Amino acid sequence: MHRLVQALTIGLLLNSGKAVAQNNQIMLLEKRMDAIAEKSISPDGPGCSIGIIQNREFIFKKSYGLANVEHQIPLSSQSVFRMASVSKQFTAFAVLLLADDGAIALTDDIRQHLPELKEYGKKISINSLLGHFSGLGDFEDHLSTLRESSLSGFFIGSEQFVSNSEYYSVIKDFPLVHEPDTTMEYSNHGYIILAKLVERISGLTIREFTNKRIFKPLGMNHTFFSDSAEEIIPNRASGYRSPEAGKQRNHLTALHTIGDGGLFSTIDDMLIWDNHFNDPKLGKDPKALIALMNKPNVNVPESDEGKWYYANGQNTDGRYFFHNGGWVGTGTSYIRRPDTQTSVVGMCNSVSLSVNDFTYATFEILADLKLWDGEDPSVY
């Protein structure tokens, strides 16, 4: 009995020692993150919220700067950020749910479901849209046409905001900029079209569909696609830019599209989303659906380097899955490393701040501090 008590005591001491050592490393991690923040974030200006996840929980979560500069409201893990292009993986998952329902096939020609789209003379599959191999191009490919379209002109007041339906009514007639399925070209327009597909097939707005099928079942109570530029969003992180040192400006846009962006979320809700990759719950066969989500849409790399592929709103090299988002007044980054159960999410409410300074450095910092045991911590 004495030996058993002695063994238990030694075990408790060893575990206690490990806990103290890990707590010390977490404190050093905070210092490293604080040092990054101090280089660019002023306490009285916009900032960033950062969360580092290991084994399904935060090992670090901290916000720097203000959610609203005018009212001096600090950022927190409950601040609601516009997620910019990190939104695309949620649009993609909504499409995959429709395929899982049997309502569509990913091999379907998009015009089978949206016949009002221009007759391209070529098949554009839903899968090609998901993987940016549609040939549709992006904003810069059609700027002159957009400026000459019905979207331009003189307006007074909030009617100047361009809704998703208004924008779709113009881009549906745009021609291809290259042959489908020949090369990857990132296309926000493709994801706006995918949002329209979700609405057409489900009979719900993409906000209603994702709330019903994704966010409510998972408990992501502060995540949603905003379908009105005039919507009041509690705890919103207002968007800013800094044209010169020490000066802040509101950063606004009249373009309010959904699918390519338009999602709002919090650091805390992104933990729930991250955990869903580890413990999937949605779909007829949740594990199979997540495996499909992580599979590149087209077996062609996005560049001649042959490293990165695109998988349903995520870039992946087989180790990392990530996507960055940059839009008016916001910068976001979400990186997962599934083999080590480690992820990082960052959200900044100024285009003049670099969220990647935090997120791209995270895995190397964790490796330095012996808080991560994976191979090759460099994202690139």
Local electrostatic count at residue 176 - Lys and Arg +1, Asp and Glu -1, tallied over other residues with Cβ under 14 Å: -3
field: Gaussian network model of the chain, Cα within-10 Å springs - most flexible of 72, 341, 54
entry: 72
- line: The correct ranking of 264, 224 by accessible area at 1.4 Å, largest first, is 224, 264
query: What is the antiparallel percent of DSSP beta bridges lying wholly in the chain, to the nearest 5?
result: 90 percent
query: Extent of the stretch 244-319 along each principal axis, from alpha carbon coordinates, in Å, largest to smallest?
result: 49, 36, 24
- prompt: How much length is gained on full extension from residue 299 to residue 21, taking 0.36 nm per residue of separation minus their Cα-Cα distance?
  reply: 95.7 nm
Residue with peak Gaussian network fluctuation, the chain [Cα springs, cutoff 10 Å], from 305, 208, 119: 305
- request: Could you tell me the accessible area of residue 284 in Å² (1.4 Å probe, neighbours in place), rounded to the nearest ten?
  value: 150 Å²
query: R0 = 25 Å: FRET efficiency of residue 179 with residue 291, Cβ-based, nearest 0.05?
result: 0.25
message: Let me check against my output: what whole-number percent is the relative contact order of the chain, with C-alpha pairs under 8 Å and at least 6 apart?
response: 23 percent
- prompt: Once fully extended, how much extra length lies between residue 364 and residue 144, figured as 0.36 nm per residue of separation less the alpha-carbon to alpha-carbon distance?
  reply: 74.9 nm
- request: Would you mind checking 62/212; 39/307; 216/295; 122/212 for any pair whose Cα atoms are more than 27 angstrom apart?
  value: 62/212; 39/307; 122/212
- prompt: Across the stretch 293-377, how large is the tail of the calculated P(r) beyond 23 Å, expressed as a percent of all Cα pairs?
  reply: 29 percent
field: Fluctuation leader among 360, 120, 320 - the chain, Gaussian network, Cα springs under 10 angstrom
entry: 120
- request: Let me know the charge dipole size of the stretch 44-166 about its Cα centre in debye, to the nearest 20, where only the beta-carbon of Lys, Arg (+1) and Asp, Glu (-1) is charged.
  value: 420 debye
statement: Over the Cα atoms of the stretch 178-250 the radius of gyration and the largest Cα-Cα distance (Dmax), both in Å, equal 17.5, 49
- prompt: Residues with beta-carbon under 12 Å from that of residue 121, excluding residue 121: net charge, scoring Lys, Arg +1 and Asp, Glu -1?
  reply: +1
statement: Long-range share for the stretch 134-262, i.e. C-alpha pairs more than 16 Å apart as a percent of all pairs, stands at 71 percent
- prompt: Over what distance in Å are the Cα centres of the stretch 306-329 and the stretch 215-276 separated?
  reply: 19 Å
query: Where the centroid of each part is defined by its Cα atoms, how far is the stretch 108-133 from the stretch 46-64 in Å?
result: 39 Å
- request: Quote the charge dipole size of the chain about the Cα centre in Debye, to the nearest 20; the model charges only the Cβ of Lys and Arg (+1) and of Asp and Glu (-1).
  value: 1100 debye
task: Give the ranking of 281, 61 by solvent-accessible surface, highest area first, calculated with a 1.4 Å probe.
output: 281, 61
query: With each pseudo-label sitting 7 Å past Cα toward Cβ, what's the residue 112-residue 204 distance in nm, one decimal?
result: 2.3 nm
message: Let me check I've understood the local charge: for residue 226, count other residues with C-beta under 11 angstrom from its C-beta, Lys and Arg +1, Asp and Glu -1. What total comes out?
response: 0
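The values are calculated or read from the model by the stated rules, or taken from the named source; none is laboratory data. Remember, it's a predicted structure, so these values are computed and weren't measured experimentally. For neighbour counting, all protein chains shown are included, and Cβ atoms are generated from backbone atoms with ideal geometry for every residue, glycine included. Keep in mind that these areas ignore ligands, DNA and RNA; they rest on the heavy atoms of the full protein, side chains included. Shrake-Rupley method; radii C 1.70, N 1.55, O 1.52, S 1.80 Å.
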